[in-house]
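Here's the structure, in structure tokens; my notes come after.
The values are calculated or read from the model by the stated rules, or taken from the named source; none is laboratory data. The structure presented is a predicted model; accordingly, all values stated were derived computationally and were not measured. Virtual Cβ from ideal backbone geometry, glycine too; neighbours counted across all protein chains shown.
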Amino acid sequence: MKRYYQPEIETMPLEQLRELQSQRLVAQVKHVYENVEFYRKRMDEAGVKPEDIHGIEDLHKLPFIEKDDLRDQYPYGLLAVPLSDCVRIQSTSGTTGRRVVAFYTQHDIDLWDECCARAIVAAGGTKDDVCQVCYGYGLFTGGPGLNGGSHKVGCLTLPMSSGNTDRQLMFMEDLEATILCCTPSYASYLGENVVERGLKDKIKLKAGIFGAEAWTEEMRRDIENKLGIKAYDIYGLTEISGPGVSFECEEQTGMHVNEDHFIAEIINPKTGEVLPEGEKGELVFTSITKEAFPLMRYRTRDICVLSRKKCSCGRTHVKMSKPMGRSDDMLIVKGVNVFPSQIEMVLLKNGLTSNYQIIVDREKYSDTLEVRVEMTPEFFTDTLTDLAQKEKDVVAQLKSVLGIYADVKIVEPKSIVRSEGKAVRVIDRRNLYQG
């Protein structure tokens, strides 16, 4: 049985889909040019006018935008509608205190909910299901996105947020949750607890929708075995809308991009050249239905591949692979965006050196973050107690800036190995990216 939330859109013939994208792109370019000074200036600098864009074949004429542009325009510089038309914001952490704030009209939220509903139905969800949402709520997009999608499908929605495992498992068992939505690392942790407490035969879960972190096929199989489910991947960015930009179907050979809302491109990250289908490069998205905060040719920095190979599920929308890496220095740790510059800012503020090392690892499918930083000569007179207090202070400040715990170790000068005179800043031992 085929599982679609909006079959007429999800299985739309390719020629018709491209025509729809072209119509929406032309309208969106006009919308941002007339209402956002930033876009108007960028397009004028590039020598492009709205009338130069006749369809998706002209998309390459538009300039790219990047995350730094979003920070520079904080908070209202990219708003394309009157503030009075907006009903919500979502936000990501910022590298230097300036966050990325995305605005939504009610129409934007309705479309976002529909995208997430498609993901839930693709995973087998119906109005008879009980959907337990354990993504974080608040400014993080995970909880609100899947919560809205679950409502659209008509599931009984358990808005649990993350944490409080005892309560999670109690509700999972007592309310007979059938679909679990959370980060893969938290799904793995819940799975461990289910096995340890002998609950596997008492829970009714059949599917899980997991995203916000990179995860391997090995981790997928482990979660499926522990929870007795089929585990589906979902992808999104706060800047574009949140989870539901793309999602896996039962074939699980990539995530279908919701192309009626987002145009996906793959570019050479160094030259900006658009690459043909099947080539590996940086993923770029253009929002063609967003009203409040539409991003045009936004560079995600995620490295992946697009494919239009016919899918057994019947969907015609292009598939993107799991991200295979990044073209920048951002790390995703426990679902949180972490930049080395954020950590460096805290270290320098505390009188520490810029000779530091960030070590990311994964223990029992849960991310760990360790920061090693070399002491300066001024620290030589400090006692062990003083150093321990300094470490505690930095831990607390990093938690405030990053939103997650980092283990901090102050080490001896020149003890961090240099490569050609430079310290290796980041060591990621998780081996998450495949391909």
Has the stretch 122-137 got at least one residue that is outside any strand (DSSP E or B), under 18 Å from GLU248 (Cβ atoms) and of a type in the set (D, E, K, R)? yes
Can you pull out the residues in the stretch 326-358 that are touching a Leu at 6+ places or on another chain (Cβ under 9 Å) and either surrounded by fewer than 16 Cβ atoms within 10 Å (Cβ to Cβ) or of a type in the set (S, T, N, Q) (or both)? ASN337, GLN342, THR353, SER354
Qualifying position, being modelled with pLDDT of 95 or more, outside any strand (DSSP E or B) and within 16 Å of the chain's Cα centre (by Cα), among ILE209, ILE240: ILE240
When LEU62 is evaluated against the numbered criteria (1) within 21 Å of the chain's Cα centre (by Cα); (2) modelled with pLDDT of 95 or more; (3) among the hydrophobic types (A, V, I, L, M, F, W, C), which criterion, by number, is the only one it fails? (1)
Tally, over the stretch 360-391, of residues that are surrounded by fewer than 19 Cβ atoms within 10 Å (Cβ to Cβ), touching a residue at least 12 places away in the same chain (Cβ under 8 Å) and of a type outside the set (Val, Ile, Thr): 10
Looking at (1) in contact with a strand residue (DSSP E or B) (Cβ under 7 Å, 6 or more places away or on another chain); (2) free of Cβ contacts under 8 Å to residues at least 40 places away in the same chain, which one does THR126 not meet, given that it meets all the others? (1)
What pairs come up if the first residue lies in the stretch 43-70 and is assigned by TED's automatic domain parsing to the domain that holds ARG18, the second is in a strand (DSSP E or B) and surrounded by 14 or more Cβ atoms within 10 Å (Cβ to Cβ), and their beta carbons are under 6 Å apart, counting only those six or more places apart or on different chains? HIS60/VAL274; PHE64/ARG299; ILE65/TYR298; GLU66/ARG299; LEU70/VAL100
Members of the stretch 251-271 that are part of a loop (DSSP other than H, G, I, E, B), touching a strand residue (DSSP E or B) at 6+ places or on another chain (Cβ under 8 Å) and under 13 Å from ALA123 (Cβ atoms): GLN252
Filter the stretch 92-148 for residues that are at positive phi and either at pLDDT 95 or above or touching a Leu at 6+ places or on another chain (Cβ under 8 Å) (or both) and give the result. GLY124
Given the criterion at pLDDT 95 or above and either over 25 Å from ARG18 (Cβ atoms) or of a type in the set (Phe, Trp, Tyr) (or both), identify the matching residue among ASP260, ASP222, ASP233. ASP233
Of (1) aliphatic (A, V, I, L, M); (2) touching a helix residue (DSSP H, G or I) at 6+ places or on another chain (Cβ under 7 Å); (3) in contact (Cβ under 8 Å) with a residue 40 or more places away in the chain, ILE332 satisfies all except one. Which? (2)
